[in-house]
Amino acid sequence: MSRERINEWALLRGFAFLAVVMQHSIGEYIYRSGSIQADSIMLGMLYHFTRFGTLTFVFLAGAILFYQYGDGRKYRSVIFRRIGDIYVPFVVWTIIYWIVMQWIFNAPLLRADSLQDIVQQLFAPTNGYHLWFVIMIFQFYLLFPLFRWLGKQFQTRLLENRSPHEQKRHIVIMLIVIGIIYGWLMWLCYYAMPTWNVQGIWKIILDHRTSEFIFYFFYFVLGGICGSAIQRWRAMIIKILPWTAVSFLIMYIWLGYDLLRFDPVAINLNVSTYLKPTTFLAVVSHMLLMYGLALYLVERKGVMVRFLQWCGRYSFGGYLSHALILMGVSYFTRQITTPGLNLVLTILTFMIVAPTAIALTSGLSRLPGGQWLTGSAGKKGKHSIRTHASRPQSTLPQDS
């Protein structure tokens, strides 16, 4: 049975993609030599406007999976499609980035350890610094049946045969409890785990915690609530919009203060890592605020809305390819050593990389076998956007 297309998800996905590109553009320029203090501070402040991007994709993954399959529809065949739509493009782009890095460092492609090096990149990507996210998000696709079962248990035990008011109360309490647990986990990640002296499997888990699903589960659960009760979710987002705006403003100031307090001269963006309690609060409030903005824009027409929809449609391939384009643009901008231009160069680089990555994905998706580079967008590229009654297009990675 077809479902309503959730149009604001495409806009939210577009916002998230642009935030990721801006975030990585900032990372390219903020540490360059010749950067003046004003540039570094402004880039640090701009950076905090982008932190919602990556984690919004986790939220959207939960929303779409629960919206499409939360009612018990068979999921086994879907996971095999997801391997082709998500993991195969990840493998292809991992190899592409590996080849590019060998070329940059004048290393021969055919070496005794080449295969071992590529396999290592598939588990712990370093050549494509952004590819860790695909490894992390794919874990949620594999574990979705478990999340769905837990959701069913919650519904059966606490929501069935209860009034809407009681259901709302139980959901809010559940979210608060999970939020407290997740906030405590973030506190451990940032303040406690770096001091732990562990060995063996526990050391491996801690060393790679930035790419493990358990450290991002709250955003997936929040998305699951959205996808399971979309009309109530929309009403709630509009109702709490003033509070989310105030909350984000407070957390934005707090993050900026933390950043400058750590070192007001040499800005260190790692202070605002995802796995930190204050970043968690800032991201959630910002994400809800952007959802409200997407609801506002979805009823409007214009160039901006169409551009966001375009970005949202090809976000997965754009995500995979944008770092390569950024690398190319940065090669030329490194020749510019005039102090005080890093903020301007960051914005110009963003304005080049974002549309170029999406245009590249759109073009590749129309080629034979394009889906191996762009994911499921390659299957849709030759067709018009579906009608309002069709299922929603999915997030990064694409899920439809």
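The values are calculated or read from the model by the stated rules, or taken from the named source; none is laboratory data. The structure presented is a predicted model; accordingly, all values stated were derived computationally and were not measured. For neighbour counting, all protein chains shown are included, and Cβ atoms are generated from backbone atoms with ideal geometry for every residue, glycine included.
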| query | Going by the conditions given, is Arg76 modelled with pLDDT under 95 and surrounded by 17 or more Cβ atoms within 10 Å (Cβ to Cβ)? | reply | no
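Can you find a residue that is among the small types (Gly, Ala, Ser) and either part of a helix (DSSP H, G or I) or modelled with pLDDT of 95 or more (or both) anywhere in region 371-379? Break it down into steps so the answer makes sense when it comes.
Just the residues of region 371-379 that are among the small types (Gly, Ala, Ser), to begin with: 375-378.
Still in the list and also either part of a helix (DSSP H, G or I) or modelled with pLDDT of 95 or more (or both): 377-378.
Yes; the residues of region 371-379 include at least one that is among the small types (Gly, Ala, Ser) and either part of a helix (DSSP H, G or I) or modelled with pLDDT of 95 or more (or both).
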| message | Quick test of your reading of the structure: Asn342 fulfils all but one of (1) at pLDDT 85 or above; (2) touching a Pro at 6+ places or on another chain (Cβ under 9 Å). Name the failing condition by number. | response | (2)
| message | Being closer than 28 Å to Ala61 by Cα, surrounded by 19 or more Cβ atoms within 10 Å (Cβ to Cβ) and either at pLDDT below 90 or aromatic (Phe, Trp, Tyr) (or both) narrows it down to one residue among Phe220, Phe213; which is it? | response | Phe220
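Report, by residue number, each residue of region 73-105 that is small (Gly, Ala, Ser) and without any contact (Cβ under 8 Å) to a residue 60 or more places away in the chain. If you could, list the steps in order and put the result at the bottom.
Filtering region 73-105 down to residues small (Gly, Ala, Ser) leaves 77, 84.
Listed by number, the list holds a single entry, Ser77.
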| said: So for region 152-175 (the condition being surrounded by 12 or more Cβ atoms within 10 Å (Cβ to Cβ) and in contact with a Lys or Arg (Cβ under 6 Å, 6 or more places away or on another chain)), does at least one residue qualify? | reply: no
| note | Checked region 223-235 for anything surrounded by fewer than 16 Cβ atoms within 10 Å (Cβ to Cβ) and either of a type in the set (Lys, Arg) or in contact (Cβ under 8 Å) with a residue 60 or more places away in the chain (or both); matches are Arg232
| Does Ser35 satisfy being over 30 Å from Ala266 (Cα atoms) and at pLDDT below 90? | no
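Scan region 136-145 and give yes if some residue there is within 28 Å of the chain's Cα centre (by Cα) and free of Cβ contacts under 8 Å to residues at least 12 places away in the same chain, otherwise no.
Applying the first criterion (within 28 Å of the chain's Cα centre (by Cα)) to region 136-145 yields 136-145.
Now drop any that are not free of Cβ contacts under 8 Å to residues at least 12 places away in the same chain, which leaves none.
Looking through region 136-145, none of the residues is within 28 Å of the chain's Cα centre (by Cα) and free of Cβ contacts under 8 Å to residues at least 12 places away in the same chain.
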| query | Does at least one position in region 234-252 carry a residue that is in contact with a Cys (Cβ under 7 Å, 6 or more places away or on another chain) and over 19 Å from Ala294 (Cβ atoms)? | reply | no
| Within region 244-280, can you find the residues that are of a type in the set (Val, Ile, Thr) and either in a helix (DSSP H, G or I) or under 16 Å from Tyr219 (Cβ atoms) (or both)? | Thr244, Val246, Ile250, Ile253, Val271, Thr273, Thr278, Thr279
| query | Residues of region 236-275 being surrounded by 15 or more Cβ atoms within 10 Å (Cβ to Cβ), in contact (Cβ under 8 Å) with a residue 60 or more places away in the chain and within 23 Å of the chain's Cα centre (by Cα), which ones? | reply | Tyr252, Leu255, Gly256, Leu259, Leu269, Ser272, Tyr274, Leu275
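Count, please, the residues in region 50-77 that happen to be more than 19 Å from Gly14 (Cα to Cα) and either assigned to a loop (DSSP other than H, G, I, E, B) or β-branched (Val, Ile, Thr) (or both).
Step one: list which residues in region 50-77 are more than 19 Å from Gly14 (Cα to Cα), which gives 66-77.
Now drop any that are not either assigned to a loop (DSSP other than H, G, I, E, B) or β-branched (Val, Ile, Thr) (or both), which leaves 70-75.
So the count comes out to 6.
With respect to Glu8, is the statement that it is touching a residue at least 60 places away in the same chain (Cβ under 8 Å), within 21 Å of the chain's Cα centre (by Cα) and either within 17 Å of Tyr129 (Cβ to Cβ) or not in a helix (DSSP H, G or I) (or both) true?
Numbers: touching a residue at least 60 places away in the same chain (Cβ under 8 Å): yes; within 21 Å of the chain's Cα centre (by Cα): yes; either within 17 Å of Tyr129 (Cβ to Cβ) or not in a helix (DSSP H, G or I) (or both): no.
Judged against the criteria, Glu8 is not a match.
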